[in-house]
Amino acid sequence: MDNQITGRSYQKQMESISPFELKNKLIELADVSIKKITRTMLNAGRGNPNWIATVPREAFFLLGRFGLEECKRVMLLKEGIAGIPEKDGIASRFEAFIKKHEKEAGAELLIGAYNYMLLEHAADPDDLIHEWAEGVIGDQYPVPDRILKFTEQIVHDYLIQEMCDRKAPKGKFDLFATEGGTAAMCYLFDSLQENFLLNKGDGIALLTPAFTPYIEIPHLSRYSFNMIEICADKMTKDGFHTWQYRKEEIDKIKDPKIKALFVINPSNPPSYAMDNDTMQQIADIVKNDNPNLMIITDDVYGTFIPHFKSFMKVLPHNTLCVYSFSKYFGATGWRDAVIALHQDNIYDKMIAQLPDDKKQALHNRYESLTLHPEKMKFIDRMVADSRQIALNHTAGLSLPQQIQMTLFAAFSLLDKEDKYKIKMQEIIQSRLKALWENTGFTFTDDPLRAGYYAEIDMIVWAEKLYGTDFVKYLKANYEPVDVVFRLANETSLVLLNGGGFDGPEWSIRASLANLNEKDYVVIGKGIRSILDEYAAEWKAKK
């Protein structure tokens with residue numbers, strides 16, 4: 001190993017950077033390792049899945065053919081120029097098209113989604129199909145800019161099914177379609193601050209371990225929030241992590257100085273859903289101690305938990321929910337996500353209660369958009385803020401992205417037996433077991449474990465297998481990131497350091513999404529071999 005790269009002083013410096021940036025250095029090390037010994041680098045650092053949902057994509061491309069036919073029907077020049085879809089009679093032409101192509105891949109989903117919208121939402125057939133045709137072709141600016149009319153309806157149904165376990169709270173949610181969950185995060189932080197809901201120095205709480213941007217963004221100079229961490233440090237009597245929260249930790253948010261609570265549920269990287277007792281404790285705190293607590297919950301992994309419940313169900317009036325289609329449908333490149341906010345929410349009410357000087361500042365900010373800016377919903381302010389106000393007229397997620405999102409949602413809504421979901425969960429769980437069984441560490445079933453990631457605390461297993469003196473030796477002689485450096489250099493395995501997610505310093509994080517089951521056998525053995533290597537060094541020095 002390169003002594004400079006693996007020396008403690010260098011590793012100490014690397015502990016301060018984002019684990020996703022550290023990953024690039026580990027990949028370089030793994031590449032060097034590959035050159036020394038013929039083997040394949042296994043990168044389980046990033047959570048990009050190695051699957052895709054085929055049916056919604058087949059439907060998208062078939063719909064694209066229909067949209068193109070509609071354009072050529074209006075005008076077709078030999079130079080390769082066509083018109084744009086016309087609404088009048090378009091539904092009957094769509095029905096004829098589907099009948100002609102009913103045996104082709106994607107046709108069943110298209111007709112199913114069409115009938116669903118007619119029966120469940122009484123959609124006007126021509127309006128619906130015209131939205132689909134223009135959407136798949138992408139010939140217009142997004143109108144409405146927040147989200148297309150019928151896309152909002154079907155994605156709303158999807159969120160109730162998947163985030164609320166099919167039991168909707170009273171009322172409706174407004175949706176804002178965004179360029180993936182990352183854009184949603186950027187928009188949320190900006191608009192919360194622009195509308196004086198969060199100000200520099202305000203207290204916020206973050207459930208940790210957490211996806212690193214939620215740790216890093218609040219410390220940027222433009223925000224400078226006073227962040228406290230609520231740690232998932234609850235342990236079993238046997239000394240195993242449950243990745244849940246002690247009551248004393250959750251009680252921190254009773255303090256009304258804590259304005260917002262940021263949640264990743266299921267968590268990233270532990271990949272556990274929050275238990276019902278903790279959710280109820282938070283609900284009680286909102287009711288009795290901190291009624292204006294803003295809850296921003298990122299629920300991208302919720303579909304990997306049977307009967308998952310989001311805070312958008314438990315505390316709908318306080319919750320801003322971010323949901324991305326990227327992981328479940330293998331669609332990180334589509335950049336499809338939504339922000340959901342209940343129509344009766346504390347955000348709009350708190351803006352209405354701002355002091356006069358701040359109301360005037362907001363009036364000045366949004367007055368170019370409406371004669372009554374004070375009546376603008378917070379979610380519509382987010383849309384405007386996402387385009388610096390002046391470009392609000394061209395805001396919105398691209399139409400083809402919204403149509404693919406529509407078909408993702410329809411695919412799940414029409415899958416009455418949950419075949420896709422069950423198979424997705426089986427794939428993840430089988431990879432998880434392959435990893436753990438080959439570490440030789442104890443693996444226990446837990447219905448709250450999503451399994452999209454695994455966070456393995458090496459100190460827990462060092463103590464279980466070799467005792468307290470060995471743990472003291474590790475901490476005295478090595479930096480916590482030495483584990484991931486050794487894995488990369490000696491075994492060509494790229495994992496991330498859990499400490500970078502504000503988890504246990506000696507934990508490592510593996511994605512179960514982007515490699516095949518046999519690869520996790522190799523990773524499991526590699527993790528155990530590194531621990532045994534440390535133990536051999538310790539015994540030799542003894």
Exercise. Could you say whether any residue in the stretch 47-69 is out of contact with any Cys (no Cβ under 6 Å at 6 or more places or on another chain) and over 21 Å from residue 407 (Cα atoms)?
Worked result: yes
Seminar exercise, completed: Of (1) at pLDDT below 95; (2) under 24 Å from the mean Cα position of the chain (by Cα); (3) of a type in the set (Phe, Trp, Tyr), residue 60 fails just (1)
Exercise. Which numbered condition trips up residue 260, out of (1) under 29 Å from residue 429 (Cβ atoms); (2) within 24 Å of the chain's Cα centre (by Cα); (3) among the hydrophobic types (A, V, I, L, M, F, W, C)?
Worked result: (1)
For this session: Answer yes or no as to whether residue 313 is of a type in the set (Lys, Arg) and either touching a Phe, Trp or Tyr at 6+ places or on another chain (Cβ under 7 Å) or within 19 Å of residue 192 (Cβ to Cβ) (or both).
Result: no
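Looking at 179, 152, 162 in this structure, which one is touching a Pro at 6+ places or on another chain (Cβ under 9 Å) and among the acidic types (Asp, Glu)?
Working: 179 fails: touching a Pro at 6+ places or on another chain (Cβ under 9 Å); 162 fails: touching a Pro at 6+ places or on another chain (Cβ under 9 Å).
The unique qualifying residue is 152.
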Exercise. Out of the stretch 521-542, which residues are part of a loop (DSSP other than H, G, I, E, B) and closer than 14 Å to residue 44 by Cα?
Worked result: none
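For the stretch 435-520, which helices (runs of 4 or more DSSP H) that fit wholly inside it have 3 or more residues that are out of contact with any Phe, Trp or Tyr (no Cβ under 8 Å at 6 or more places or on another chain) and surrounded by fewer than 24 Cβ atoms within 10 Å (Cβ to Cβ)? Show your work before the answer.
Numbers: elements: 458-466, 468-477, 482-491.
Where helices (runs of 4 or more DSSP H) fall fully within the stretch 435-520 and carry at least 3 residues being out of contact with any Phe, Trp or Tyr (no Cβ under 8 Å at 6 or more places or on another chain) and surrounded by fewer than 24 Cβ atoms within 10 Å (Cβ to Cβ), they are 468-477, 482-491.
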Exercise. Can you tell me which residues in the stretch 111-144 are farther than 17 Å from residue 155 by Cβ, surrounded by 19 or more Cβ atoms within 10 Å (Cβ to Cβ) and of a type in the set (A, V, I, L, M, F, W, C)?
Worked result: 129, 133, 137
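For the stretch 28-57: of the residues being among the aliphatic types (A, V, I, L, M) and at pLDDT 65 or above, which is surrounded by the most Cβ atoms within 10 Å (Cβ to Cβ)?
Restricting attention to the stretch 28-57, the residues satisfying the condition of being among the aliphatic types (A, V, I, L, M) are 29-30, 32, 34, 37, 41-42, 44, 52-53, 55.
In the following step, the residues that additionally are at pLDDT 65 or above were identified as 41-42, 44, 52-53, 55.
On the way: 41: 16, 42: 22, 44: 26, 52: 11, 53: 18, 55: 19.
The qualifying residue surrounded by the most Cβ atoms within 10 Å (Cβ to Cβ) is 44.
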Exercise. Hey, among the residues in the stretch 207-235 that are hydrophobic (A, V, I, L, M, F, W, C) and part of a helix (DSSP H, G or I), which one's nearest to residue 457 (Cα to Cα)?
Worked result: 215
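Can you tell me how many residues in the stretch 400-412 are touching an Asp or Glu at 6+ places or on another chain (Cβ under 6 Å) and either surrounded by fewer than 21 Cβ atoms within 10 Å (Cβ to Cβ) or among the acidic types (Asp, Glu) (or both)? Outline the logic, then answer.
Residues of the stretch 400-412 that are touching an Asp or Glu at 6+ places or on another chain (Cβ under 6 Å), as a first pass: 401, 405.
Imposing the further condition that a residue be either surrounded by fewer than 21 Cβ atoms within 10 Å (Cβ to Cβ) or among the acidic types (Asp, Glu) (or both) reduces the set to none.
Residues that pass the stated criteria total 0.
Being surrounded by 15 or more Cβ atoms within 10 Å (Cβ to Cβ), under 14 Å from residue 61 (Cα atoms) and of a type outside the set (Val, Ile, Thr), is that true of even one residue in the stretch 147-159?
Here is the first cut: in the stretch 147-159, the ones surrounded by 15 or more Cβ atoms within 10 Å (Cβ to Cβ) are 147-148, 150-159.
Imposing the further condition that a residue be under 14 Å from residue 61 (Cα atoms) reduces the set to none.
Scanning the stretch 147-159, I find no residue that is surrounded by 15 or more Cβ atoms within 10 Å (Cβ to Cβ), under 14 Å from residue 61 (Cα atoms) and of a type outside the set (Val, Ile, Thr), so the answer is no.
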Seminar exercise, completed: Checked the stretch 200-219 for anything in contact with a helix residue (DSSP H, G or I) (Cβ under 9 Å, 6 or more places away or on another chain) and exposed (fewer than 13 other Cβ atoms within 10 Å of the Cβ); matches are 200
For this session: Considering every residue within the stretch 445-464, establish whether at least one is of a type outside the set (Asp, Glu) and closer than 30 Å to residue 139 by Cα.
Result: no
Exercise. Is it true that residue 409 is of a type outside the set (Val, Ile, Thr), farther than 25 Å from residue 167 by Cβ and touching a residue at least 12 places away in the same chain (Cβ under 8 Å)?
Worked result: no
For this session: From (1) more than 30 Å from residue 465 (Cα to Cα); (2) under 24 Å from the mean Cα position of the chain (by Cα), pick out the condition that doesn't hold for residue 244.
Result: (1)
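The values are calculated or read from the model by the stated rules, or taken from the named source; none is laboratory data. Note that this is a predicted model, so its numbers are computed, not measured. We place every Cβ from the backbone using ideal geometry, glycine too, and count neighbours over all the protein chains shown.
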